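A short reminder: the numbers here are calculations on the coordinates, not readings from a lab. Predicted model, so just to flag it, every value in this text is computed and none were measured. Cβ coordinates were reconstructed from backbone atoms using ideal geometry, including for glycine residues, and neighbour counts include every protein chain displayed.
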Amino acid sequence: MKPKIIVANWKCNPENTVEAVKLLKLSDRKDIIIIPPFVFIHLAGSLLNASLGAQDVFWESGAYTGEISATQLSKSGVKYVIVGHSERRSNFGETDEVVSLKAKAALDAGLSVIICVGESAGDREGGKVAAERAIRRSVIGSLSGIAPKRSHKIIVAYEPVWAIGTGNADNPDEADERAKLIKSIAEGMGLFGVAVLYGGSVSKDNAAGFLSRPEIDGLLVGGASVDIDEFPKIISILNRFNGTSEAASAKSKSSGFSSRPPAPSKLSKTGKPGVSSKAELRGKKSRPADKSARPTFSRSKSQIEGVGASRGKIRRPLKKTAKKSIISLSRRPRITERSKLRQAPGLRLNKHSKRSK
Ligand code: PGA
């Protein structure tokens with residue numbers, strides 16, 4: 001059986017990078033797709049277990065101020081994108097036609113799409129037939145024009161609008177029935193194997209009920225995904241269903257995130273924005289506390305004299321036979337980015353002493 005998944009939709013949360021890093025750390029687990037706001041996507045470059053998604057996409061690129069294209073997302077490490085969330089439909093007037101344009105652009109760029117559909121409170125009041133008619137209309141409109149060969153990249157999130165953010169979730173049996181209906185509508189369009197998630201006030205108390213239903217392939221979690229106490233509990237429930245141990249879910253104990261946020265204007269030494277250094281990636285202190293643990297380096301005589309002179313220290317003289325060029329590669333200490341930095345003052349002085357000669 002395919003493992004079930006959880007999509008963590010952070011919406012417009014949290015307010016700052018420190019909180020975002022905290023959330024990333026606790027959510028970086030197997031079978032989780034983390035969907036942060038665009039401003040935090042660069043922080044997720046070092047996810048070890050989870051996948052990265054975005055909350056929206058635009059179908060063009062170029063002169064569209066404020067928009068983000070599918071290619072930009074895919075080149076930023078994003079693998080999934082939500083389209084047609086009910087909050088975008090109701091607050092920003094997105095229609096099924098717009099949703100389908102976005103979905104096709106995202107699929108063309110190699111992304112997987114999470115297409116949200118669901119009946120409104122009004123549709124629900126009209127009874128089962130009215131609710132299912134609204135769902136059918138939205139599924140057909142949002143998936144229209146998508147080539148059948150893309151169906152393995154399509155996830156539909158069934159999210160009854162009346163259940164989102166209200167604390168009033170659907171019941172698992174009805175959601176399961178709706179998931180089945182959505183799959184059959186997609187199949188009628190030639191799209192086989194589409195996964196269907198349930199979303200709308202998912203919590204630690206109801207997650208198991210939805211995950212246990214056969215037609216529900218996972219959950220889309222909003223509010224609870226940014227709750228640092230609740231989300232780990234939901235992840236544990238998912239692991240139970242997938243038969244994943246906690247250790248396998250979190251591959252590395254020291255997660256890939258620095259607890260200190262990167263300076264916003266700086267690129268890391270690895271060249272990746274948002275990740276400060278390899279040492280930080282491994283969760284180590286930036287400088288070894290024990291000096292003897294620091295690597296030593298072979299330098300030319302003039303370099304050694306230069307460094308020693310600059311610090312008023314007498315350096316170990318270079319052995320006559322120890323020519324830089326004959327030190328075997330195997331004995332040569334690995335020169336890390338940090339060690340290059342430590343060498344830098346000496347190198348500068350050395351240049352200077354040459355110049356002053
Ligand atoms: P909710 O949001 O879990 O807070 O109801 C679901 C969603 O993102 O649509």
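Results, tabulated for the structure shown:
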{"read-out": "Per-pair calculated FRET efficiency, R0 = 25 Å: residue 38 and residue 174 via Cβ, rounded to 0.05", "value": "0.15"}
{"read-out": "Cα centre as origin, Lys/Arg/Asp/Glu Cβ charges: region 1-151 dipole, Debye", "value": "620 debye"}
{"read-out": "Added length on full extension, which subtracts the Cα-Cα distance from 0.36 nm per residue, residue 236 to residue 140", "value": "31.1 nm"}
{"read-out": "Cross-link table 153/180; 25/104; 11/153, entries beyond 29 Å C-alpha to C-alpha", "value": "25/104"}
{"read-out": "Rg ratio (alpha-carbon, reference 2.2 N^0.38 Å) - region 49-199", "value": "1.02"}
{"read-out": "Label-point gap, in nm, between residue 187 and residue 133 - each point 7 angstrom along Cα→Cβ", "value": "2.5 nm"}
{"read-out": "Proximal aspartates and glutamates relative to residue 22, as straight alpha-carbon distance under 12 Å, when same-chain residues fewer than 8 apart are discounted", "value": "227, 229"}
{"read-out": "Burial order of peptide ranges 94-103, 153-162 (average beta-carbon count within 10 Å, highest first)", "value": "153-162, 94-103"}
{"read-out": "Cleavage-rule hits, chymotrypsin sites (Phe, Trp or Tyr not before Pro), region 1-88, DSSP coil, Cβ neighbours within 10 Å at most 14", "value": "64"}
{"read-out": "Residue 208 paired with residue 248, simple spin-label distance in nm, labels 7 Å along Cα-to-beta-carbon", "value": "2.0 nm"}
{"read-out": "Simple label model, 7 Å out from Cα along Cβ direction - residue 67 to residue 97, nm", "value": "1.5 nm"}
